[in-house]
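Participant: Here you go, one structure.
The values are calculated or read from the model by the stated rules, or taken from the named source; none is laboratory data. Just so you know, these numbers come straight off a predicted model, no measurement behind them. When we count neighbours, we look across all protein chains shown, and the Cβ atoms used for this are built from the backbone with ideal geometry, even at glycine.
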Amino acid sequence: MPVVRTIFLQFHSASISPFLSSAIPASNNISEKFTVSCCSLASPVTVVNGNVEKMPSERNEVRLGLPSKGRMATDTLDLLKDCQLSVKQVNPRQYVAEIPQISNLEVWFQRPKDIVRKLVSGDLDLGIVGLDTVSEYGQGNKDLILVHEALDYGDCRLSLAIPKYGIFENINSLQELAQMPQWTPERPLRVATGFTYLGPKFMKENGLKHVTFSSADGALEAAPAMGIADAIVDLVSSGTTLRENNLKEIEGGVILESQAVLVASRKSLNQRKGVFDITHEILERLEAHLRAADQFTVTANMRGNSAEEVAERILSQTSLSGLQGPTVSPVFCKRDGRVTADYYAIVICVPKKALYKSVQQLRAVRNLFLYTTLVCSRIHVYDRLI
């Protein structure tokens, strides 16, 4: 009969209470692996050589995390709506919702940093957050996969900024900042930031040795003026707030260019039923919308003897080839009791930046008549999954 021993594990965290594992046979093997259960945890964990590895929780629903507040939340909901994936929230005070077009998908509204943490823990399968948030709170975790790295909103950059005045007045690059003789072990460069992972990592990679960081959230721009810090590392959009507080960015000081991304848990994609298929559908809709967002269709009528003749005249203009070529189809009308096709409808798809030039070239084509109101509509098509 094997000897059985009970193992107690104490986590040094106020949020997780001590719990009791299942009994396991005693062994002289140094490497032990066993599963523990606890009502305080949403998912079971596996302990390997003293390291806790959280496994995907036993649930049937696929969970998508979305930002709960702010501009990022609004823009995310708008993007999903444009992709025909409107989020239905019964009660605005609730944190759970659904997307009726996709069955078995739950939407959870969370703080961006909590979305990343719950992707790592397995409590969420997918999430839409800023790349800066993924990089800061994911900290290079290999289980996080960037499914779509450019959703075209939430653009900003994580940047190092220093004062325009005093000892920094003539400092305009990261290299010059690093070579300043003022920074010593006794008097290091003091940096205030809310990015306590990316900030130190960036400084170390760029050879700034004598640096200390203080954690701060909000109103970082005031820190140098208050004497709390020499520099800040913060998100910058237009740079107006920096300028208004007499701060400046420097050459080589951009740590990360960020925008909204779709991120997934690798474990969930590989192990949880339905996650891959739902991710495929969301990605396909997102990519189709983003590819079509700056494309316009232009429609006009042209008199001609055949579709080939009309197409040849259209293709003689450089801006009228469209994505693959113009669509030319006969326009049927009834004259003197007979159905004739003297005109042909032309439909081309052009980029927004080439729209004006394309219209001008269409007007220059012989026997071509534009509608009184030019038809320019955004196209919505499905494209390949990347």
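Participant: Just to verify a result, which residue in segment 137-187, among those that are under 19 Å from residue 255 (Cβ atoms) and charged (D, E, K, R), is farthest from the chain's Cα centre (by Cα)?
Facilitator: Taking the candidates together, the pick is 176.
Participant: Something else: Which number in (1) touching a Leu at 6+ places or on another chain (Cβ under 9 Å); (2) modelled with pLDDT of 85 or more marks the one condition that residue 320 misses?
Facilitator: Condition not satisfied by residue 320: (2).
Participant: Counting only residues that are surrounded by 14 or more Cβ atoms within 10 Å (Cβ to Cβ), assigned to a loop (DSSP other than H, G, I, E, B), charged (D, E, K, R) and under 20 Å from the mean Cα position of the chain (by Cα), how many does segment 54-102 have?
Facilitator: 0
Participant: Is it true that some residue in segment 270-281 is under 30 Å from residue 359 (Cβ atoms), surrounded by fewer than 15 Cβ atoms within 10 Å (Cβ to Cβ) and not polar (S, T, N, Q)?
Facilitator: No, there is no match, as no residue in segment 270-281 is under 30 Å from residue 359 (Cβ atoms), surrounded by fewer than 15 Cβ atoms within 10 Å (Cβ to Cβ) and not polar (S, T, N, Q).
Participant: Name every residue in segment 335-358 that is loosely packed, with under 13 Cβ neighbours inside 10 Å, touching a Cys at 6+ places or on another chain (Cβ under 8 Å) and modelled with pLDDT of 80 or more, in order of residue number.
Facilitator: Of everything in segment 335-358, just one residue is loosely packed, with under 13 Cβ neighbours inside 10 Å, touching a Cys at 6+ places or on another chain (Cβ under 8 Å) and modelled with pLDDT of 80 or more, namely 339.
Participant: If residue 154 satisfies all but one of (1) in a strand (DSSP E or B); (2) under 19 Å from residue 132 (Cα atoms), what's the number of the condition it fails?
Facilitator: With (1) in a strand (DSSP E or B); (2) under 19 Å from residue 132 (Cα atoms) applied to residue 154, the lone miss is (1).
Participant: While we're on this one: Given the condition in a loop (DSSP other than H, G, I, E, B) and free of Cβ contacts under 8 Å to residues at least 24 places away in the same chain, answer yes or no: does some residue in segment 171-179 qualify?
Facilitator: yes
Participant: Sort through 109, 34 and tell me the only one that's in a strand (DSSP E or B), at pLDDT 85 or above and either surrounded by 18 or more Cβ atoms within 10 Å (Cβ to Cβ) or of a type outside the set (Asp, Glu) (or both).
Facilitator: One residue alone meets the criteria, 109.
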